[in-house]
Amino acid sequence: MNAPLPDVPEVRVVGLPQLTSGFDLVERLDLAMHLKVHGPLEPMGGERLAQLADDVVLRGRGGAGFPFARKLRAVANAAIKRGVRPVVVVNGSEDEPACRKDTVLINRAPHLILDGALLAAEALGARTLVIGVTRDSTEASMTAALAERGLSNRRGASLRARVQRNPERMVTGEASALVRSADGGPALPPGRRVRAAESGVGGAPTLLSNAETFAQLAIAARIGPSRYRGTGLYEEPGTVLLTLSGAVARPMVIEAPTGVPLRYILQLAGAPPLPQGVLTGGYHGSWLNAVAAHDAVVSRASLEGLGGALGAGAILPIGPETCALGEGLRVAQWLAGESSGQCGPCRLGLPAAASGLADVLNGGGPAALEALREITRAVTGRGACKHPDGSARFITSTLAAFKDDLAMHVLSGGCGRETRGVLPLPGESTPGGPSGERLVVDWTLCQGHGLCADVVPELITLGPDGFPAVADASVPLPLRGRAQRAVRRCPALALRLERPAPQPPSPRPALPSAPGRKALESGWS
């Protein structure tokens with residue numbers, strides 16, 4: 001089974017490095033080394049910075065690919081119209097199990113990200129900078145980087161900068177969830193769609209983009225549009241950071257120019273010569289079959305034209321030895337468990353879709369397949385955030401990419417291959433056997449929200465009164481990850497995993513002591 005990815009996997013470069021310059025010299029570029037490698041950076045006016053982003057065709061690198069210049073101008077116009085100071089937010093959450101590019105940047109080149117964020121803050125006249133993270137390593141690295149620049153959150157500072165630590169969950173990387181947590185609320189989408197450019201942190205217009213986007217802005221500002229456009233494709237210049245995992249020799253982050261053949265990137269990571277399929281864009285992305293993966297190049301347009309997605313840069317091949325639909329089911333179940341539980345498509349639709357996919361794999365036949373397609377159609381476009389859409393897209397793409405396997409499951413009851421757990425997911429253990437832990441409800445805290453029953457219905461059901469009924473048995477190892485998510489999702493903190501205390505050994509009859517024997521008694525720049 002594929003273990004969860006390390007925070008900072010191996011980093012490789014195709015061609016000349018830009019974002020990863022200096023990685024061959026030190027593990028982490030502190031401010032002094034950062035300036036030696038990249039040099040100083042002069043501030044820019046707002047329109048000049050927006051024009052630079054236009055000239056290098058800079059799009060958000062967090063998945064949506066929104067043009068950065070349009071976002072920058074929208075925030076500036078909203079701030080001028082309302083007469084308020086805007087806010088700049090760096091999204092370094094990256095809670096998808098298959099993504100590590102932003103985590104690598106924050107851990108190894110935090111000042112490159114801060115360069116871009118401070119450029120934007122200076123251009124907009126912002127006086128607040130928030131960096132959202134979810135890992136111990138990213139929190140420590142970014143906190144140290146702010147201290148190295150003399151930045152803090154103290155009152156009276158010309159720029160108040162702080163690190164916002166959030167839980168490790170898929171939905172905490174959603175823009176509105178990060179804004180909500182920065183305002184002191186839970187790190188969950190608010191249940192309604194609000195444009196951060198108009199009303200974000202503290203109700204102020206907020207420029208929010210992911211860590212790599214700000215780092216790319218800093219590179220473009222230093223070398224200029226002409227040199228920046230000298231790398232990669234004309235329509236999508238520059239380099240991209242890709243996270244390679246799945247059926248590879250070892251997971252890694254690769255910086256590569258756009259236009260490099262995808263098959264070369266896969267070969268560099270040690271993927272199978274003839275992969276059964278390649279998941280592009282991560283767990284909200286889409287699959288490419290073997291032929292499309294061979295023809296694709298690393299670019300947003302190329303991948304989308306073949307049915308894939310660049311997204312947040314996660315690339316996951318699988319080999320011919322695993323059941324592709326079984327791999328898809330594991331991810332679909334995890335995505336259902338990562339729901340914030342605030343709207344019907346997420347709270348009800350995603351668990352129903354995962355159950356529907358399981359029915360298809362377990363021989364439910366054409367009726368089960370049609371029911372699954374109905375569920376994914378019903379979920380799409382109706383959620384309070386993009387999580388239901390991305391999850392439905394993943395399931396739909398899985399069905400479309402592996403039609404031969406799907407036909408064998410629907411018509412013959414299976415494809416004959418085991419599900420080997422190639423796609424990395426957090427909190428998984430070796431299959432089979434009990435974990436030795438039990439789910440326990442603190443009835444003095446439980447308020448009957450029922451979210452736990454949606455995550456792990458095999459262990460928790462809702463009684464007639466709407467309160468959970470927990471199975472009085474040890475949690476099986478294959479369900480331990482979802483049991484942990486159920487504990488994290490409980491808004492009342494009423495659910496916990498407990499390992500029973502070891503039983504004392506049975507008392508032995510006292511022995512007479514032998515004669516003579518005695519008992520034997522761990523800077524803002």
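The values are calculated or read from the model by the stated rules, or taken from the named source; none is laboratory data. Model, not experiment: these values are computed from the prediction. Cβ: placed from backbone, ideal geometry, glycine included. Neighbour counts: every protein chain shown. We work out accessible area using only protein heavy atoms, side chains counted, and drop any ligands, DNA or RNA first. Shrake-Rupley method; radii C 1.70, N 1.55, O 1.52, S 1.80 Å.
Select from G200, V440, G313 the residue farthest towards the positive end of the dipole of the chain; place +1 on Cβ of Lys and Arg, -1 on Cβ of Asp and Glu, and compute about the Cα centre.
G200
Non-local amide H neighbours of R417 (under 5 Å, H modeled in plane, Pro and chain starts lacking H): which ones?
Under 5 Å from the amide H of R417: no residue qualifies.
From the backbone phi of region 78-91, what are the Karplus-calculated ³J(HN,Hα) couplings (6.51 cos²θ - 1.76 cosθ + 1.60, θ = phi - 60°) in whole Hz, Gly and Pro given as x?
Each residue of region 78-91 in turn: 5, 5, 5, 4, 8, x, 10, 7, x, 10, 10, 10, 9, 8 Hz.
How long is the gain from R382 to E42 if the chain were fully straight, where each residue apart is worth 0.36 nm and the alpha carbon distance is subtracted? Before the final figure, lay out the partial values.
Details: separation 340, 0.36 × 340 = 122.40 nm, distance 4.46 nm.
Net length gain for the segment: 117.9 nm.
Which FRET efficiency value, to the nearest 0.05, is calculated for A371 and A249 with the Förster distance at 35 angstrom and r the Cβ-Cβ distance? Could the numbers behind the result be given before it?
On the way: r = 39 Å, r/R0 = 1.13.
Working from the Cβ atoms, E equals 0.35.
Using the heavy atoms of the protein chains and a 1.4 angstrom probe, tell me the accessible area per residue for the chain in square angstrom. Write down the numbers at each step before the final one.
Details: 23000 Å² over 525 residues.
That works out to 44 Å² per residue.
Given that just one value was derived from the coordinates, which of [x] 21, 44, 25, 10, 0; [y] 21, 52, 22, 4, 1; [z] 23, 55, 20, 2 is P(r) over Cα pairs in 20 Å bins from 0, in percent?
Structure-derived value, by its label: [y].
With N residues in region 156-209, what two-decimal value do you get for its Cα radius of gyration over 2.2 N^0.38 Å? Don't skip to the answer; put the middle values down first.
Working: Rg = 11.3 Å, N = 54, 2.2 N^0.38 = 10.0 Å.
Ratio of Cα Rg to 2.2 N^0.38 Å: 1.13.
Can you tell me the dipole magnitude for region 241-367 around its Cα centre, using point charges on the Cβ only (Lys, Arg +1; Asp, Glu -1), in Debye to the nearest 20?
Numbers: 5 positive and 7 negative charges, 23 e Å.
The calculated dipole for region 241-367 is roughly 120 debye.
With all protein chains present, how much of the accessible area of region 39-95 (probe radius 1.4 Å) comes from carbon and sulfur, to the nearest whole percent? It would help to have the intermediate numbers written out before the result.
Numbers: 1430 of 2680 Å².
Solvent-exposed carbon and sulfur of region 39-95 make up 53 percent of the total.
Stretch T461-V14 to full length: gain in nm at 0.36 nm per residue minus the Cα-Cα span? Please report the intermediate quantities before stating the final value.
Numbers: separation 447, 0.36 × 447 = 160.92 nm, distance 5.11 nm.
Gain in length upon complete extension: 155.8 nm.
Name all residues of region 111-148 having a backbone nitrogen under 14 Å from the label point set 7 Å from the Cα of A32 along its Cα→Cβ direction, giving them as ranges.
In region 111-148, the label zone of A32 (backbone N under 14 Å from the point 7 Å along Cα→Cβ) covers 148.
Which of the three applies to region 33-97, rounded, prolate or oblate, going by the alpha-carbon gyration tensor with a ≥ b ≥ c and a/c under 1.5 meaning rounded?
Working: a/c = 1.58, a/b = 1.15, b/c = 1.37.
Oblate shape, in that a/c is at least 1.5 and b/c is the bigger or equal ratio.
Assuming R0 = 60 Å, what is the FRET efficiency of W443 and D295, from their Cβ-Cβ distance, to the nearest 0.05?
Details: r = 58 Å, r/R0 = 0.97.
It comes out at approximately 0.55.
Please say if region 89-184 is rounded, prolate or oblate, where rounded means a/c under 1.5 for a ≥ b ≥ c the square roots of the C-alpha gyration tensor eigenvalues, and otherwise the choice is prolate for a/b larger than b/c and oblate otherwise? Don't skip to the end; give the middle numbers.
On the way: a/c = 1.77, a/b = 1.39, b/c = 1.28.
Because a/c hits 1.5 or more and a/b exceeds b/c, region 89-184 counts as prolate.
Please state the shape class of region 1-148: rounded when a/c is under 1.5, otherwise prolate if a/b exceeds b/c and oblate if not, all from the C-alpha gyration tensor. Please report the intermediate quantities before stating the final value.
Working: a/c = 1.72, a/b = 1.53, b/c = 1.12.
Judged from the Cα gyration tensor, region 1-148 comes out prolate (a/c at least 1.5, a/b above b/c).
What's the FRET efficiency of R154 with D359 using the Cβ-Cβ distance as r and R₀ = 45 Å, to the nearest 0.05? Write out the running numbers ahead of the final one.
Details: r = 57 Å, r/R0 = 1.26.
With a Förster radius of 45 Å, E is 0.20.
Modelling each spin label as a point 7 Å along the Cα-to-Cβ direction, I'd like the R195/R417 distance in nm, to one decimal.
4.5 nm
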